[in-house]
Structure formats: C-alpha cells, structure tokens
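The values are calculated or read from the model by the stated rules, or taken from the named source; none is laboratory data. All of these numbers come straight from a predicted model, not from anything done at the bench. Every residue, glycine as well, gets a Cβ built from its backbone with ideal geometry; the counts of neighbours run over all protein chains shown. Calculation scope for accessible area: heavy atoms of the full protein, side chains included, ligands and nucleic acids excluded. Shrake-Rupley method; radii C 1.70, N 1.55, O 1.52, S 1.80 Å.
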Amino acid sequence: MKTRLLGYWVATLVIGVETLAGGATDLMHGRAALVSGPFVLDIITHLGYPAYLLVILGIFKVLGGIVLLAPKLPRLKEWAYAGVFFELTGAAASWTLHRDSASELLGPISLIVVAMISWALRPSSRLLGSIFTRNAAA
C-alpha cells in the first residue's frame, strides 16, 4: 500500500507541477515573452494556433495544476485529469498532423502516461465515488 501511495504522489507531483508551471509559462508568453524568450509562443504559432490560445490554455492549466495538488475536490480532480489528458493528446495530435519529428511526441506522450498513473493510483479519499459513499452513510 505504501508503494502505491508513493507512486501516486510522485506521479501527481510531476503532472501537477508540470501543469501549473506550464500554465504559468503559457500565460507569460501569451502576453509577452518575459521569462525565457518567445519559446512557447514560437511553438504554438509554428503549429498554426493563434497566440491568444496560450492565455486560454494557461488559465485552465494553472487552475488544473492547483486542483491536482490540492486536498479533496474529487469532482474537480476528475475534470482536471480530463483537461490534462485532452491538452496533452491535443499537443501530440498537433505535432503529428503538422508532420514534425516523431521525437516531438515524447514529451506529451510521457506526460500522458504520468497523468494516467496518477489518476489510476489515486487513494480512495480522492475518488469521485467516495463522495457518494460518505453521503449515503450519513
């Protein structure tokens, strides 16, 4: 049981921090290249998306990262995991459809696996069904 909990927290910290940091980076680069240059802006425009999409993605990624790392909130966690999955599969699809190097898929696919591990190893207190179980017993 301790191995499962450790695996959950390692995967959750990786995907939660990556989602939170990625969202913050998207927000900063969506408005202006303030930190490390226009790297994220270059990527998104290279793939054919408008720059303002970074602001939209950034807001949802910051919120999702917070929810994944926060205690409780099982319903919001389900939405956050779904959002992470959709965002990362969308990134992988964008790279594929743009016919860029297959190596570009390693990042999104690796993070999808980490997100799925985090979701699959959730403790029972973080499962959506646990709300209904507790309310039915009350």
Can you give me the relative contact order of the chain as a percent, contacts being Cα pairs under 8 Å and 6 or more apart? 31
For 1, 116, give me the order by solvent-accessible area with a 1.4 Å probe, most accessible first, ignoring ligands, DNA and RNA. 1, 116
Compare 4, 126, 99 by solvent-accessible area with a 1.4 Å probe and give them largest first, with all protein chains kept in place. 99, 4, 126
Over the chain, with a single point scatterer placed on each C-alpha, what log10 of the ratio I(q)/I(0) does the Debye formula yield at q = 0.09, 0.11, 0.13, 0.19 1/Å? -0.31, -0.45, -0.60, -1.09
Report the full-extension gain for the segment residue 66 to residue 5: residue separation times 0.36 nm, less the Cα-Cα distance, to one decimal in nm. 20.0 nm
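Name the chymotrypsin sites (Phe, Trp or Tyr not before Pro) in region 33-98 that are in a loop by DSSP and that have at most 11 other C-beta atoms within 10 Å, would you?
On the way: sites: 39, 52, 60, 79, 81, 85, 86, 95; in loops: 52.
For chymotrypsin sites (Phe, Trp or Tyr not before Pro) across region 33-98 that sit outside H, G, I, E and B with at most 11 neighbouring Cβ atoms in 10 Å, the list reads 52.
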